[in-house]
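Structure, as C-alpha cells:
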Amino acid sequence: MRCKAKPGDRILDLCCGTGDLAGAFKRHIGDCQIVGADFVRPMLAIAVQKSHGRTASWVQADALMLPFRDGQFDVAAVAFGVRNFSSL
C-alpha cells in the first residue's frame, strides 16, 4: 500500500465493500480512525464480521451523497468502487 496516511489520520474508505482496504490501512498504519462507507448493507455486515467491529466505523451511505462535512477526513480512498459511480 502506498499513500501518505499516517498515525492519527482520519481515513474514509469509500465503497468499502467487505472492508479489505480498511483492514489494510489498519495493518499498515495502526493508530488511525477509519470510516468505511458503502451503500450495500450486506457488504457492510460482512465487513463488521470480518473486523469484529474494531477496524472501522461502518456507515451505510451513497458515494454521490455522502453524509460527511468537507474536511472531515485526512485521506479518502476507493479501491474498486469508482467503476460503479453513476450521476445520471
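The values are calculated or read from the model by the stated rules, or taken from the named source; none is laboratory data. Predicted model, so just to flag it, every value in this text is computed and none were measured. Positions of Cβ are generated from backbone atoms using ideal geometry, with glycine treated the same way; all protein chains shown enter the neighbour counts. Surface accessibility is based on the protein's heavy atoms, side chains included, excluding ligands, DNA and RNA. Shrake-Rupley method; radii C 1.70, N 1.55, O 1.52, S 1.80 Å.
A few remarks follow.
- In segment 53-75 there is no residue that is in contact (Cβ under 8 Å) with a residue 12 or more places away in the chain, basic (Lys, Arg) and either assigned to a loop (DSSP other than H, G, I, E, B) or out of contact with any strand residue (DSSP E or B) (no Cβ under 7 Å at 6 or more places or on another chain) (or both).
- Subset of segment 26-47 [assigned to a helix (DSSP H, G or I), open to solvent by less than 60 Å² (accessible area, probe 1.4 Å) and either acidic (Asp, Glu) or modelled with pLDDT of 95 or more (or both)]: Leu44, Ala45, Ala47
- For Cys15, the stated conditions hold: it is on the phi > 0 side of the Ramachandran plot and not hydroxyl-bearing (Ser, Thr, Tyr).
- In segment 16-35, the residues that are among the hydroxyl-bearing types (Ser, Thr, Tyr) reach residues that are open to solvent by less than 30 Å² (accessible area, probe 1.4 Å) and at pLDDT 95 or above with C-beta atoms within less than 8 angstrom, at least six apart or across chains, in these pairs: Thr18/Ala47.
- Residues that are at pLDDT below 95 and of a type outside the set (Gly, Ala, Ser) were ranked within segment 50-59; the one that is least open to solvent (accessible area, probe 1.4 Å) is Thr55.
- Scanning segment 16-25 for residues that are open to solvent by less than 30 Å² (accessible area, probe 1.4 Å) and out of contact with any Lys or Arg (no Cβ under 8 Å at 6 or more places or on another chain) gives Cys16, Gly17, Ala22, Ala24, Phe25.
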